[in-house]
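Below is one structure, written out as structure tokens; the observations come after it.
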Amino acid sequence: MPVLQEAQRIFGYLPLEVQKFIADETGTPIAEIYGVATFYSQFNTTIKGKHKVGVCLGTACYVRGAQAVLEKVCEELGIGLGETTADGLFSIEDTRCLGCCSLAPVMVIDDTVYGKLDDISRIPEILD
Ligand code: FES
């Protein structure tokens, strides 16, 4: 875990080449490295954008329109869930409950939470 964490700190994510290097240098089977890298949400095996847009798909947000929020964010950025824009600026992730259900539906951009997004027309301005 500490080796993977340090590698991710250096490279920003854990591409397969890095996982293979770690496997070779530590004598650990690549399957085990890959298993850890893909099991824990703290690790990314694909490059992430400079800004991470997380749309909460927790229960409260979901019943109050999170799917429409997610679709609008994807439409505005021209990418799908789990993808990164070609310019490397944004990536879209789903999140579990962010602990602010009274503001549902909610999304978070980096460390800033945006709530009451049932009016999805606000999303382009927020992303701008
Ligand atoms: S379910 Fe989205 S903030 Fe709690």
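The values are calculated or read from the model by the stated rules, or taken from the named source; none is laboratory data. All values reported here derive from a predicted model rather than from experimental measurement. We place every Cβ from the backbone using ideal geometry, glycine too, and count neighbours over all the protein chains shown. Keep in mind that these areas ignore ligands, DNA and RNA; they rest on the heavy atoms of the full protein, side chains included. Shrake-Rupley method; radii C 1.70, N 1.55, O 1.52, S 1.80 Å.
What pairs come out if I take residues in the range 51-69 that are in the same structural domain as GLU93 (by TED's automatic domain parsing) and among the small types (Gly, Ala, Ser) and pair them with residues that are near the ligand (Cβ under 7 Å from one of its atoms) and open to solvent by 10 Å² or more (accessible area, probe 1.4 Å) whose C-beta lies under 6 Å away, six or more apart or interchain?
From residues that are in the same structural domain as GLU93 (by TED's automatic domain parsing) and among the small types (Gly, Ala, Ser), the pairs are GLY58/CYS97; ALA60/CYS101.
Specify which of the listed residues (ILE33, ILE22, ILE79) is open to solvent by less than 40 Å² (accessible area, probe 1.4 Å), assigned to a loop (DSSP other than H, G, I, E, B) and at pLDDT 95 or above.
ILE79
Within the range 85-114, work out how many residues are more than 13 Å from the ligand (Cβ to nearest atom), among the polar types (S, T, N, Q) and open to solvent by less than 40 Å² (accessible area, probe 1.4 Å). I'd like the intermediate steps shown before the answer.
Applying the first criterion (more than 13 Å from the ligand (Cβ to nearest atom)) to the range 85-114 yields 85-93, 109-112.
Of the ones still in play, those that are also among the polar types (S, T, N, Q) are 85, 91, 112.
So of that shortlist, the ones also open to solvent by less than 40 Å² (accessible area, probe 1.4 Å) come out as 85, 91.
Within the range 85-114, residues that are more than 13 Å from the ligand (Cβ to nearest atom), among the polar types (S, T, N, Q) and open to solvent by less than 40 Å² (accessible area, probe 1.4 Å) number 2.
Any idea which of (1) under 12 Å from VAL53 (Cβ atoms); (2) open to solvent by 30 Å² or more (accessible area, probe 1.4 Å); (3) out of contact with any helix residue (DSSP H, G or I) (no Cβ under 9 Å at 6 or more places or on another chain) is the one GLN67 doesn't satisfy?
The failed condition is (1).
Taking GLN8 and the conditions (1) assigned to a helix (DSSP H, G or I); (2) of a type in the set (S, T, N, Q); (3) within 18 Å of ASP128 (Cβ to Cβ), which numbered condition does it fall short on, given that it satisfies the others?
It fails just one condition, (3).
Filtering the range 72-101 down to residues that are of a type outside the set (A, V, I, L, M) and without any contact (Cβ under 8 Å) to a residue 12 or more places away in the chain, which residue is nearest to ARG122 (Cα to Cα)?
GLU75
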